[in-house]
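A quick write-up on the structure given underneath.
Derivation of every value follows stated rules applied to the coordinates shown; laboratory data play no part. All figures in this text were calculated on a predicted structure; none of them were measured in a lab. FYI the Cβ positions are ideal-geometry reconstructions off the backbone, even for glycines, and counts take in every protein chain you see.
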């Protein structure tokens with residue numbers, strides 16, 4: 001099984017995306033639109049067999065962040081309603097996955113920080129937010145927010 005196939009299997013195990021249409025269903029069209037929002041919305045570390053760490057972030061507005069955190073928007077609606085060519089103030093930590101044998105090496109932290117830093121070069125980001133599915137995701141969000149000097153807002157499960 002390729003690294004890519006393993007990543008897709010991991011995504012299904014952690015996020016159960018096929019059972020929840022409110023979550024963002026990532027495909028080539030979604031990746032293309034995210035790239036239009038900002039080229040740094042996706043980060044990855046790969047080896048000869050494919051991706052070993054993958055990060056997906058969505059820059060957006062404060063109003064959309066607040067609606068999502070209040071449960072008034074689904075993840076998919078947050079993505080759909082984020083305007084292209086806007087001045088973004090918030091970043092949503094959408095998805096972070098690392099193959100098990102590469103976890104606890106700082107890969108997710110580094111790739112996430114890189115994505116955030118690159119977006120901050122072009123936008124006045126003042127907040128980070130997430131909807132953690134795992135203890136590790138929760139911890140990563142806290143560390144990245146602290147290192148970036150941004151307040152972290154979490155949507156409760």
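Is it possible to state the helix-based mean residue ellipticity at 222 nm for the chain, with each DSSP H run of 4+ residues giving -39500 (n - 2.57), the sum divided by total residues, to the nearest 500 deg cm²/dmol? What is it? Before the final figure, lay out each step's value.
Details: 6 runs with 66 residues, N = 157.
So the helix-based figure for the chain works out to -12500 deg cm²/dmol.
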Quiz item: By the gyration tensor of its Cα atoms, with a ≥ b ≥ c the square roots of the eigenvalues, what is the shape of the range 79-157: rounded for a/c under 1.5, prolate for a/b over b/c, or oblate?
Solution: prolate
Quiz item: What residue among 134, 61, 112 has the largest mean-square fluctuation in a Gaussian network model of the chain, using Cα springs under 10 Å?
Solution: 134
Exercise. Taking only Cα atoms and a 10 Å spring cutoff, compute GNM fluctuations for the chain and point out the largest among 36, 109, 120.
Key: 36
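Exposure proxy check: 54, 131 ranked by fewest other beta carbons within 10 Å?
On the way: 54 25, 131 18.
By the 10 Å Cβ count, ascending: 131, 54.
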Self-check item: Interatomic Cα distance distribution for the chain, bins of 10 angstrom, percent
Solution: 11, 43, 38, 8, 0
Exercise. Run the numbers on the range 3-154 and let me know its relative contact order in percent, using alpha-carbon pairs under 8 Å that are six or more apart.
Key: 24 percent
Quiz item: With each pseudo-label sitting 7 Å past Cα toward Cβ, what's the residue 114-residue 143 distance in nm, one decimal?
Solution: 1.6 nm
Exercise. Sketch the reach of a paramagnetic label on residue 81 as a point 7 Å from Cα along Cα-to-Cβ, and name the residues of the range 128-157 whose backbone nitrogen lies under 20 Å away.
Key: 128-132, 153-157
Quiz item: Among 142-149, 23-30, how do they line up from the highest to the lowest mean number of other beta-carbon atoms within 10 Å?
Solution: 142-149, 23-30
